[in-house]
1. Mind counting the residues in region 181-197 that are surrounded by fewer than 18 Cβ atoms within 10 Å (Cβ to Cβ) and either of a type in the set (A, V, I, L, M) or in contact with an Asp or Glu (Cβ under 7 Å, 6 or more places away or on another chain) (or both)?
2. Taking Pro18, is it over 30 Å from Trp300 (Cα atoms), in contact (Cβ under 8 Å) with a residue 60 or more places away in the chain, of a type outside the set (S, T, N, Q) and out of contact with any strand residue (DSSP E or B) (no Cβ under 6 Å at 6 or more places or on another chain)?
3. I'd like to check something: does region 57-65 contain any residue that is surrounded by 14 or more Cβ atoms within 10 Å (Cβ to Cβ) and small (Gly, Ala, Ser)?
4. I'd like the residue in region 91-149 that is among the polar types (S, T, N, Q), touching a Phe, Trp or Tyr at 6+ places or on another chain (Cβ under 6 Å) and surrounded by 15 or more Cβ atoms within 10 Å (Cβ to Cβ) and, out of all such residues, is farthest from Lys72 (Cα to Cα).
5. I'd like the full set of residues that are surrounded by fewer than 24 Cβ atoms within 10 Å (Cβ to Cβ) and either without any contact (Cβ under 8 Å) to a residue 12 or more places away in the chain or not in a loop (DSSP other than H, G, I, E, B) (or both), limited to region 36-56.
6. Which numbered condition in (1) touching a residue at least 40 places away in the same chain (Cβ under 8 Å); (2) under 11 Å from Met121 (Cβ atoms); (3) touching a strand residue (DSSP E or B) at 6+ places or on another chain (Cβ under 6 Å) is the only one that Leu67 fails?
7. Do any strands (runs of 3 or more DSSP E) entirely within region 58-160 hold 2 or more residues that are farther than 26 Å from Ser186 by Cβ and either polar (S, T, N, Q) or in contact with a Gly (Cβ under 8 Å, 6 or more places away or on another chain) (or both), and if so, which?
8. Looking at the structure I just gave you, is Ala240 of a type in the set (Gly, Ala, Ser), within 26 Å of Phe163 (Cβ to Cβ) and in contact with a strand residue (DSSP E or B) (Cβ under 9 Å, 6 or more places away or on another chain)?
Amino acid sequence: MNILVLGSLAYDRIMDFPDKFSNHILPDKIHILNVCFMVNGLRELFGGTAGNIAYNLALLEERPLILASAGKDFDSYEKWLRSLALPLESIRRVPNEFTAGAYITTDLSDNQITGFNPGAMKEPCKQDIERFDPSDTIAIVAPGNLEDMSIYPELFRVRKIPFIFDPGQSIPALGGERILKGLQGSKIFISNDYELEMVTRALGMTKKDMLEETSSIITTLGENGSVVTTPDGEYLIPAAIPDKVSDPTGAGDAFRAGLIKGLALGKSILDSARMGTVSASFGVECQGTQCHRFTIDDFWKRHDRTFRIVQ
């Protein structure tokens, strides 16, 4: 099956500050803030919604197409994706921009200061989807270029390609009108519980109202699992238990990959959501969004243990 992952590609540049920000900020001088934090070093990790989802799908033995834009510094990321045997032909290179980058500094109290440069993400991916057979294709619209997030849901609707709409951190920038257009005709709307509240307020809708626009709603709840809402009712999917918890960042993208894998296998939305929660459990086991590893056998063993399936 063709899997189209629309979203972002980004470098996550992580820095640790060996003190507390509060010790270096004078409350009565906030209006003329001028601070410098000397960090211990910098780690560069591969990230972005499309990159993270594609990475987890590669672990699940899928080879999705990434619909995103990357910049002039993309070479190391490209090499990484090639090592995963992921196709690159749907990634647009923007030669006069840097690849999107998040610069994240964390202090001893786990407070964070983040600067984000959208770089090449400011440019739409400009990929043609006409060549894909709708009966053998599934897509996800994840946070990335706002023009792409506005245009591709309509393109998928016209082509009758089933798609997941996942506005995430782009909710404030999209606004109610564009969120509604992304929701309409989608197979699944997915978000965490906080994002769902933002969307219902932006749309002036309840979840019941939203189900008139989308076939189903999945709400992720972190360690408490997820809820699948359909016209037939609500179903709680328990979380799979990881071997350890190191960093929850990227677990949501891992969930989406497991969900898509299930749908690609022709499984029901409930079974697919169960696969999502198993994939997410591996995503929290190391720091970073593309550093965890699992084999397909590891995946199914944890899945069967979680849901007590006897083969």
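1. Qualifying residue count, region 181-197: 1.
2. Judged against the criteria, Pro18 is a match.
3. Among the residues of region 57-65, at least one is surrounded by 14 or more Cβ atoms within 10 Å (Cβ to Cβ) and small (Gly, Ala, Ser), which makes the answer yes.
4. Thr105
5. Those that are surrounded by fewer than 24 Cβ atoms within 10 Å (Cβ to Cβ) and either without any contact (Cβ under 8 Å) to a residue 12 or more places away in the chain or not in a loop (DSSP other than H, G, I, E, B) (or both): Cys36, Leu42, Arg43, Glu44, Leu45, Phe46.
6. Here Leu67 meets the rest and fails (2).
7. 100-106, 112-117
8. Numbers: of a type in the set (Gly, Ala, Ser): yes; within 26 Å of Phe163 (Cβ to Cβ): yes; in contact with a strand residue (DSSP E or B) (Cβ under 9 Å, 6 or more places away or on another chain): no.
No; evaluated as a whole, the condition is false for this residue.
Read the figures in this text as sums done on the coordinates, not as results from a lab. No experiment lies behind these values; they were computed from the predicted model shown. Neighbour counts are summed over all protein chains in view; Cβ atoms, including those assigned to glycine, are modelled from backbone coordinates with ideal geometry.
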